[in-house]
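The structure appears right after this line, and notes come after that.
The values are calculated or read from the model by the stated rules, or taken from the named source; none is laboratory data. As the structure is a prediction and not an experimental result, all values here were calculated from the model. When we count neighbours, we look across all protein chains shown, and the Cβ atoms used for this are built from the backbone with ideal geometry, even at glycine.
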Amino acid sequence: MNIANKLTLARLCCVPLFMLSVYGFSSYELATLLFILASVTDWLDGYIARKYHLVTTFGKFADPLADKLLVMTALIILVEKLSVPAWIVAIIVCRELAVTGLRLLLVQDSGVVLAADWSGKVKTFTQMIAIVLILMSNFNISFPIGEIFLYLSGILAIYSGIEYFIKNKHVFKNL
């Protein structure tokens, strides 16, 4: 297993640690630090994979999955703990599940693993920024811009989801 894939697996391991830090220790500082660390691995594994030609089928599948698990876990916790509107999280979660379903159809139909597109990467980045800023509001730092990033990420979730489906509409012709 190459270093990029190990970083993706490390990000997956951060998900239960993030949850434990919130629920087990009630520590938003630790949760924020873990989330930032996991978010950095998202950028780092992609950079390493592209720079050193370590792009793998596993990485194309596991990297966006790790992002989805990290972001969706954090957003669901934020709905419960910090009054983040559930409707925006529902939009984001539905988009993630729909694109994951599309990825599965593409693999089944043509053996193609759908890699993340630029709009999906920007969407994930804005979600991660929003989550960090919202988490930071728990230790007496007011960042209302976190909410702006959250709504922007909702818009980008819709846009990128539509873009993925339009670019891959051919998969539905055989159903």
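Kindly indicate which of LEU78, LEU70 is surrounded by 17 or more Cβ atoms within 10 Å (Cβ to Cβ) and touching a Lys or Arg at 6+ places or on another chain (Cβ under 7 Å). Only one candidate qualifies: LEU70. Applying the condition of being among the aliphatic types (A, V, I, L, M) and in contact (Cβ under 8 Å) with a residue 40 or more places away in the chain to region 108-131 and asking which residue is farthest from GLY154 (Cα to Cα) yields VAL113. What about ALA86, is it touching a helix residue (DSSP H, G or I) at 6+ places or on another chain (Cβ under 9 Å) and either surrounded by fewer than 18 Cβ atoms within 10 Å (Cβ to Cβ) or modelled with pLDDT under 90 (or both)? Spelling it out, ALA86 is indeed touching a helix residue (DSSP H, G or I) at 6+ places or on another chain (Cβ under 9 Å) and either surrounded by fewer than 18 Cβ atoms within 10 Å (Cβ to Cβ) or modelled with pLDDT under 90 (or both). The set of residues from region 56-65 being out of contact with any Asp or Glu (no Cβ under 8 Å at 6 or more places or on another chain) and within 9 Å of ASN5 (Cα to Cα) comprises THR56, PHE58, ALA62.
The lone criterion from (1) among the polar types (S, T, N, Q); (2) buried (at least 16 other Cβ atoms within 10 Å of the Cβ); (3) within 24 Å of TYR164 (Cα to Cα); (4) in contact (Cβ under 8 Å) with a residue 60 or more places away in the chain left unmet by THR32 is number (3). Taking the criterion of being crowded, with 16+ Cβ neighbours inside 10 Å, more than 12 Å from the chain's Cα centre (by Cα), at pLDDT 85 or above and not aromatic (Phe, Trp, Tyr), the residues of region 108-153 that qualify are SER119, VAL132, LEU133, ILE134, LEU135, MET136, GLY146, GLU147, LEU150, LEU152.
Residue-by-condition table, conditions (1) in a loop (DSSP other than H, G, I, E, B); (2) aliphatic (A, V, I, L, M):
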site: PRO64; (1), (2): no, no
site: ILE88; (1), (2): no, yes
site: ARG103; (1), (2): no, no
site: ALA116; (1), (2): yes, yes
site: LYS121; (1), (2): no, no
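Within region 1-19, the set of residues being touching a residue at least 40 places away in the same chain (Cβ under 8 Å) and either closer than 21 Å to LEU75 by Cβ or touching a strand residue (DSSP E or B) at 6+ places or on another chain (Cβ under 9 Å) (or both) comprises THR8, ARG11, LEU12, CYS14, VAL15, PHE18, MET19.
The listed residues are SER39, SER21, and the only one of them that is modelled with pLDDT of 90 or more, of a type in the set (Gly, Ala, Ser) and closer than 23 Å to TRP118 by Cβ turns out to be SER39. Regarding region 132-154, can at least one residue be identified that is under 24 Å from THR57 (Cβ atoms) and touching a residue at least 40 places away in the same chain (Cβ under 8 Å)? Checked region 132-154: no residue is under 24 Å from THR57 (Cβ atoms) and touching a residue at least 40 places away in the same chain (Cβ under 8 Å). In this structure, is ALA31 small (Gly, Ala, Ser), over 26 Å from LYS169 (Cα atoms), part of a helix (DSSP H, G or I) and out of contact with any Gly (no Cβ under 8 Å at 6 or more places or on another chain)? Answer is yes for this residue. All of VAL40, VAL22 fail the test of being part of a helix (DSSP H, G or I), touching a residue at least 24 places away in the same chain (Cβ under 8 Å) and more than 21 Å from GLY111 (Cβ to Cβ), apart from VAL22.
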